[in-house]
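Here the structure comes first, spelled out in structure tokens, and everything after it is commentary.
The values are calculated or read from the model by the stated rules, or taken from the named source; none is laboratory data. What you are looking at is a predicted structure, and each value in this text was computed from that prediction instead of being measured. Cβ atoms come from the backbone with ideal geometry, glycine included; neighbour counts cover every protein chain shown. These accessible areas exclude ligands, DNA and RNA; they are computed on the full protein's heavy atoms, side chains included. Shrake-Rupley method; radii C 1.70, N 1.55, O 1.52, S 1.80 Å.
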Amino acid sequence: MDGSKGGAMKEHHGAFQVAGAFHAAARPLFAGVACRQGRGGPPGLSPFAACGGGSGSSEARLERVAFADLAQGPYFVLALLLDATTLCRTDACCRLLRQLNRASIGPWRALGARVFHGLELEKEGTFEQPVSNLDCDSASSSSRKIARIDWKGRFRHFRVDIPTFCAPFGGPEIAAVAHPDEVAYFRCRLCTDVIDESSTQGVYLEVEVLANPDNLSMAVVDFEVGGCSSVTFSPDTGAVIRERKVREAPRKVEGAYIQPLPSVPPGRRFHGLMGLYLRRGHLAFFRRCIGGTSDGGRDHGPWETTGFVSDLGWAEGRRLTPCLAFRDEGAYHVRVVRVGTEAPFPLEINSGKDGDIRWSVFDWEVGAPTLPAEGADDI
């Protein structure tokens, strides 16, 4: 999982939107410790002189500050700058720091809120709002007591499970697909009520395609709350397809598509990296082909993007499920390589609305959709 240390103080949500309050609390505490007058100091000594400034009495000495004094405020401010590896090291070296790190206002909770912003697991909810007591050290039936959550354990659980697929695949890799038109759903959900217009942070999912005997695509669907719509990116054709099921039997689907990227060369299957980026209520897709260099080698070519091609006006509910769709069975090799907050390079959201993009219409019944030829009606 990626994250920026430098933005740690700016990206907190919920309880951690008040980093400035930590600073305000820490300053007087630090001043109280650093300028604390020794027990044997003269009664009229000024704080400045007691701290060694000016021409105060030579008998005035600073009282030695214990490391535990930082626990009253300054440590929580400093710990917000630490990543997961550094926090693990502090846990291992000091029992006091381990206790502070796991506190309800501690850095493990702050780090998880930032790294897993806009994501949830089906049975666990969002990182800061668990829907079960699986991560609780203890739970009391008394309303006066609040269950203690193991925030480090929860962070570990999210980091392991977020970049994985649901059954029957499981894990972060897919080695084979048994049936045509198989769909592999990610275990994570995208929270569109969190990654809305006011959010400054996005969610980026990236997979690597190492073996591709036929055709696969990346999509987001709104099936979680009973919706029937999807937006799909085909890395082979460079097209983005938006579909909505309007009738179950006989099945009828209304759709539209655009082709912001060129198709891969004829006779070649897509291999490389593809990603989905959701930011401020808008979707973009990325592609990086293997063999995309001018000499036709096996190196990765440059990153390409569709840009932000769709808002979320098509979706029902507040949760979207990312997935991979496979056209035919076979020995694929696909793995999740990245779940983070930043795309491969920055993108600007167009000032216009989704309706300003010219989508070409197609409808299909029962069988697979066929993209119309050039000159089809536009919307």
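Here is how the numbers come out for the structure above:
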| read-out | value |
| --- | --- |
| Full-stretch length increase - LEU96, ASP181 - with 0.36 nm per residue and alpha-carbon distance subtracted | 25.2 nm |
| Sequence of TYR204, TYR185 when ordered by accessible area, the most exposed leading, probe 1.4 angstrom | TYR185, TYR204 |
| Cα centroid separation, region 146-214 to region 305-341 (Å) | 10 Å |
| For region 181-187, 3J(HN,Hα) per residue [Karplus equation, 6.51 cos²θ - 1.76 cosθ + 1.60, θ = phi - 60°, Hz, x = Gly/Pro] | 6, 6, 10, 10, 8, 5, 6 |
| Per-pair calculated FRET efficiency, R0 = 30 Å: TRP303 and ASP83 via Cβ, rounded to 0.05 | 0.75 |
| Derived scalar couplings ³J(HN,Hα) [region 101-106; Karplus, 6.51 cos²θ - 1.76 cosθ + 1.60; whole Hz; x for Gly, Pro] | 4, 8, 5, 5, 10, x |
| Å² of accessible area per residue within region 68-127, as computed with a 1.4 Å probe and no ligands counted | 41 Å² |
| Segment LYS252-VAL225, extension gain: residue separation times 0.36 nm, minus the distance between their alpha carbons | 7.7 nm |
| Whole-percent carbon and sulfur share, accessible surface of region 246-338, 1.4 Å | 45 percent |
| Accessible area per residue in Å² at 1.4 Å probe, computed on region 154-289 | 38 Å² |
| Calculated FRET value between ARG156 and ARG280, using beta carbons and R₀ = 25 Å, to 0.05 | 0.25 |
